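Some notes on the structure that comes next.
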Amino acid sequence: MVFDLAIVGGGIVGLATALHVTERYPGLSVVVIEKESTLAAHQTGRNSGVIHAGVYYQPGSLKARFCKEGALATMQFCKDHGLPFEQCGKLLVATDPGELERMGALHERCIANGLTVERLDAAELVRREPHIVGVGALFVPATGIVDYGLVARTMGKLITERGGEILTGTRVEAIREEPSGITIEAGRKTISARHLVVCAGVMADRLAKMCGLDLDFQIVPFRGEYYRLGDDKNDIVRHLIYPIPDPALPFLGVHLTRMIGGYVTVGPNAVLAFAREGYRFGDVNYRDLSEMISYPGFRRVIRANLRSGISEMWNSLSKQAYLALCRRYCPELKLDDLTPYRAGIRAQAVLADGSLVHDFLIRETARSIHVCNAPSPAATSAIPIARELVTRATSQFGWRDRI
């Protein structure tokens, strides 16, 4: 099996990259390699389905740029292919004076990132959302919702229609990079490619090491747990309802999310997972756990965030504590309203000094390009991330001269 380009990872970033290659360079042979039996099985298919506008990210960062571009590109992709989406907008709700002050900083960040934003007082908040309480809010109309799993599977269909190949149920066991090309051992298959792009999510660091990259980070998994509200609460909100996030953490806090299916979810929290694909509290992978514990960056980030980590763990164990987070802005919710829903895993790159990598991180070797950190808003940003990867490949691999 010989290809011009192999892409490891059948999530939305890998599939968007393969699709963009087939558009820009239809003469290249492309294969997508996915270890699961279906596409979009992990971060892509287990997120809140939000098309993010780009509120939170450092101006000029890849996240800020790609998120804003990606929101428009995602909605256009849905229009082009008849996929359901809704630009419902979101409200960031301040529930006390301290959050109101932080809300002012977020307002400035929205403006710096070129977003349309409206500041609401408490009375206007209640007028727009009668079931939500707070001392103020920001309204960001560009935010939307979509089914990213459906978007990814549609991309997969287009890739195969254009002559690309997708191998599911094919786990990469080893990668050899040589001056003449890439050899990938995956299950019982040996796949040869001139070049390689890796979009492996929670396994990004392990595959980067296979290609000989000397890493200064390691992936640490955080589980995001959700609940679904009952059907009687399907109309409880008109917009997405977000808290004002803690600026010291990369997580956005528990929010109310309208879903494309017509229902509403609550979540996610951000609890340390003991397995890279540990979607249940009791899931433990001893290799994953051993690697985490032995990594100095993990120990440092845990020490620095011990209090918030314990709080998140308690919110995971106690449904009542989880409910309390929601009741800060939606006090009518009760325990009986919360039904367990699918969890997701955030693949977070952590540096050796214990600091979190806040932006998208891309690394390269002579014949490979690796997406090393792509948590939220990577699903929203997938199409511009793909364009960036193909632009880098064009320059690095000399495709323009050959095609």
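Could you work out the relative contact order of the chain? I mean the mean sequence separation of Cα pairs under 8 Å and 6+ apart, divided by the number of residues, in percent.
After rounding, I find 23 percent.
Relative contact order for segment 217-351: what is it in percent, counting Cα pairs under 8 Å that are at least 6 residues apart?
39 percent.
Kindly express, to the nearest 10 degrees and within the range 0 to 90, the angle between helix 306-317's C-alpha long axis and the longest C-alpha principal axis of the chain.
80 degrees
What residues have an amide H closer than 5 Å to that of G261, excluding those fewer than 5 places away on the same chain, when H is modeled at 1.01 Å from N in the peptide plane?
Counting only residues 5 or more places away or on other chains, the set is empty.
For segment 1-101, run through the GluC sites (Glu not before Pro) and keep only the ones in DSSP coil with at most 16 other Cβ atoms within 10 Å of their Cβ.
Passing both the DSSP loop test and the Cβ count: E36.
Would you work out the charge dipole size for the chain about its Cα centre, treating the Cβ of every Lys and Arg as +1 and the Cβ of every Asp and Glu as -1, and quote it to the nearest 20 debye?
With only Lys, Arg, Asp and Glu charged at Cβ, the dipole is about 400 debye.
Whole angstrom only: what separates the Cα centroid of segment 45-64 from the Cα centroid of segment 106-138?
What the calculation gives is 18 Å, centre to centre.
Please give every one of the lysines within straight-line cross-link reach of K68, meaning a C-alpha to C-alpha distance under 23 Å, and leave out same-chain neighbours fewer than 8 residues apart.
Those lysines meeting the cut-off are K79, K90.
Out of the trypsin sites (Lys or Arg not before Pro) in segment 340-403, which ones are loop residues according to DSSP with at most 14 other C-beta atoms within 10 Å?
When the trypsin sites (Lys or Arg not before Pro) of segment 340-403 are filtered for loop state and at most 14 Cβ neighbours within 10 Å, R342 remain.
Amide H of A349: which non-local residues (sequence gap of 5 or more, or other chain) have their own amide H closer than 5 Å, using H built in the peptide plane?
Excluding prolines and chain starts, which carry no amide H, the hits are V220, V357.
Specify the inter-centroid distance of segment 206-259 and segment 270-315, based on alpha-carbon positions, in whole Å.
15 Å
Want the number for I302 to L72: 0.36 nm per residue separation, take away the alpha-carbon distance, what's left?
My answer for the length gained is 79.1 nm.
In terms of modelled amide H atoms, which long-range or inter-chain residues lie less than 5 Å from the amide H of T143?
Excluding prolines and chain starts, which carry no amide H, the hits are G89, K90.
Starting at the first residue of segment 81-97, write each ³J(HN,Hα) from the Karplus equation 6.51 cos²θ - 1.76 cosθ + 1.60 with θ = phi - 60°, in whole Hz, x for Gly and Pro.
The phi angles translate into 10, x, 9, x, 7, 8, 8, 8, x, 9, 10, 9, 9, 8, 10, 7, x Hz.
From the phi of every residue in segment 11-21, what ³J(HN,Hα) in whole Hz does the Karplus formula 6.51 cos²θ - 1.76 cosθ + 1.60 yield, where θ is phi - 60° and glycine or proline is x?
Karplus-based 3J(HN,Hα) across segment 11-21 equals x, 5, 6, x, 5, 4, 5, 4, 5, 5, 5 Hz.
List the relative contact order of segment 100-160 as a percent without decimals, with contacts defined as Cα pairs under 8 Å and 6+ residues apart.
RCO, segment 100-160: 29 percent.
Can you give the FRET efficiency to the nearest 0.05 for R162 and L361, using r as the Cβ-Cβ distance and R₀ = 35 Å?
The calculated FRET efficiency here is 0.75.
Would you list, by chain and number, the lysines whose Cα falls below 23 Å from the Cα of K189, excluding same-chain residues fewer than 8 positions away?
Output for K189: K35, K157, K209.
Go through segment 52-61 residue by residue and turn each phi into a ³J(HN,Hα) via Karplus (6.51, -1.76, 1.60, θ = phi - 60°); whole Hz please, and just put x for glycine and proline.
Taking θ as phi minus 60°, the curve returns 6, 8, x, 5, 8, 8, 4, x, x, 6 Hz for segment 52-61.
Mind giving me the nanometre distance, one decimal, between the label points for K209 and E118, set 7 Å out from Cα along Cα→Cβ?
Going from the K209 label point to the E118 one covers 5.1 nm.
The numbers here are math on the coordinates, done by the rules we state, and not lab data. These numbers come from a predicted model, not from an experiment. Don't worry about glycine lacking a Cβ; one is built from the backbone with ideal geometry, like all the others, and counts go over all protein chains shown.
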